[in-house]
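The values are calculated or read from the model by the stated rules, or taken from the named source; none is laboratory data. Every value quoted in this text rests on a predicted model; they were computed, and no experiment measured them. Positions of Cβ are generated from backbone atoms using ideal geometry, with glycine treated the same way; all protein chains shown enter the neighbour counts.
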Amino acid sequence: MSLNTSPPPESDSRRRVPGALIVVAILVIAGIAVVGGAVYWELHPPTHPIAGPTVTVVDDLGRTVVVSENPSRIVVLAPSIMDIVYRLGLRDRVVGVGCDAGIPGGLLNEYSPNQSALWNISAGLCISDYPSLDVDELLNLSPEAVFAPTYTSAAAVEEISVTFGIPVVMLNPTTLQGIVSDVQLVTSIFPVVQGNGTALEAALDDQLVSAANFDSNLSTNGNALPTVLLTYYFDSGGYYTYGPDSFGQSLIDALGAVNVAGTTPLLYFELNGSVVLNDSPEIILYGTSWNDPWLVENETPAQWASPSSGAPYWSQLNGTKVALDVTLVSEPDPTLIFELPVLLHIVHPTLYPSP
């Protein structure tokens, strides 16, 4: 089996522009650095105490973070986090989002048109995060808290949180249940939306319980579990996908299926095209962006199937191929959980009713 280092899915914005894979490699390294820096931040708390009531949380990297209760000005550095913020009714508190208006595609490199419209995200909110986060732009917005994914550079997080005393909460769900935990975490910081948080958590739990019950019935009835390739990008070498202990693996488990990449040693990697051909997955769920004028060139269903530049061995793969909005296969957020009935029907068309 041939494996290559690949981008984490939350950095999908970086693969939508030229030179993307180089930048993605930087993001992977940055994510590792953030993990390693957690101890530093524990030993070096912010030097600027927060005035007023505070909330203490433990984020997804195990960092203890003290945040103002109900902060009125926040910066959100990932679409998956923005999904939570919006569903909790906190959009009016967002003063900045991570993107870069200075490169082709601008806002659309990070937020799909559907997301931009639903969440009222405009280029004026952009904080440059390519090739690195522009801390000065962020500071100019005077945020009271920053919500960031783990591919945000450790140096930037350190500068924001330690030097300038602005709390940075790192969110990095690696399972579907972890998404619910992140909803709880954000809600705890904003007691003013406790009702919204409780309702959202209950709705997400209902979806997860329903999926778990269906999966249990599959096992009880002795149904064979289909093999699945979940992929969010391709190049000439192969397919970018998910290994064990990733949210992608958790999604495939919830769908009552077997991950063809489930025995590999990495969370995110490129699975060689010939290996995929040999594994012959019964279902291929692949990310596309046919509704985005900046992305269609490389991410339409037709491009995946292009004889000259498409995904390797695509025409020889006999499994059922289903195009999905790339955000569904690359962003661990509540929207993904709410789409479980759709995905379950795709994977089990004769056993799970069409929603």
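For residue 164, are the conditions met, namely being touching a residue at least 60 places away in the same chain (Cβ under 8 Å), surrounded by fewer than 18 Cβ atoms within 10 Å (Cβ to Cβ) and among the hydrophobic types (A, V, I, L, M, F, W, C)? When the stated conditions are applied, residue 164 passes them. Residues of the stretch 220-228 include none that is surrounded by fewer than 18 Cβ atoms within 10 Å (Cβ to Cβ), in contact (Cβ under 8 Å) with a residue 60 or more places away in the chain and in the same structural domain as residue 112 (by TED's automatic domain parsing). Scanning the stretch 142-161 for residues that are more than 22 Å from the chain's Cα centre (by Cα), buried (at least 16 other Cβ atoms within 10 Å of the Cβ) and either farther than 17 Å from residue 64 by Cα or without any contact (Cβ under 8 Å) to a residue 60 or more places away in the chain (or both) yields a total of 3.
Can you confirm whether the stretch 257-267 contains a residue that is in contact (Cβ under 8 Å) with a residue 24 or more places away in the chain, closer than 30 Å to residue 185 by Cα and crowded, with 21+ Cβ neighbours inside 10 Å?
The initial filter retains those residues of the stretch 257-267 that are in contact (Cβ under 8 Å) with a residue 24 or more places away in the chain, namely 257-261, 264-267.
Going one step further and asking which of them are closer than 30 Å to residue 185 by Cα, we end up with 257, 259, 265-267.
With crowded, with 21+ Cβ neighbours inside 10 Å added as a condition, the list becomes 257, 259.
Within the stretch 257-267, one or more residues are in contact (Cβ under 8 Å) with a residue 24 or more places away in the chain, closer than 30 Å to residue 185 by Cα and crowded, with 21+ Cβ neighbours inside 10 Å.
If you go through the stretch 200-230 and keep only what is under 29 Å from residue 279 (Cα atoms) and part of a helix (DSSP H, G or I), you end up with 208, 211, 212, 213, 214, 215, 216, 217, 218, 219, 220.
Test residue 189 against the stated conditions and say whether it is over 19 Å from the mean Cα position of the chain (by Cα) and either surrounded by 22 or more Cβ atoms within 10 Å (Cβ to Cβ) or closer than 17 Å to residue 79 by Cα (or both). Outline the logic, then answer.
Working: over 19 Å from the mean Cα position of the chain (by Cα): yes; either surrounded by 22 or more Cβ atoms within 10 Å (Cβ to Cβ) or closer than 17 Å to residue 79 by Cα (or both): yes.
So residue 189 passes the test.
Pairing residues of the stretch 322-338 that are in the same structural domain as residue 288 (by TED's automatic domain parsing) with residues that are among the acidic types (Asp, Glu) and surrounded by 21 or more Cβ atoms within 10 Å (Cβ to Cβ), at Cβ distances under 7 Å and at least 6 apart in sequence or on separate chains, gives 326/12; 326/299; 330/10; 330/12; 331/10; 333/83; 334/83; 335/83. Quickly run through the stretch 129-142 and pick out the residues that are more than 11 Å from residue 97 (Cβ to Cβ), of a type outside the set (Asp, Glu) and modelled with pLDDT of 90 or more. Passing the criteria: 133, 135, 139, 140, 142.
From the list 84, 74, the one residue that fits, being modelled with pLDDT of 95 or more and within 30 Å of residue 241 (Cβ to Cβ), is 84. Exactly one residue out of 193, 209, 180 is of a type outside the set (Ser, Thr, Tyr), out of contact with any Cys (no Cβ under 7 Å at 6 or more places or on another chain), in contact (Cβ under 8 Å) with a residue 12 or more places away in the chain and closer than 27 Å to residue 329 by Cβ: that is 180. Taken over the stretch 54-71, the residue count meeting the criterion of being modelled with pLDDT of 95 or more, surrounded by fewer than 13 Cβ atoms within 10 Å (Cβ to Cβ) and outside any strand (DSSP E or B) is 0. Of everything in the stretch 283-302 that is at pLDDT 90 or above and crowded, with 18+ Cβ neighbours inside 10 Å, the residue that is farthest from residue 331 (Cα to Cα) is 283.
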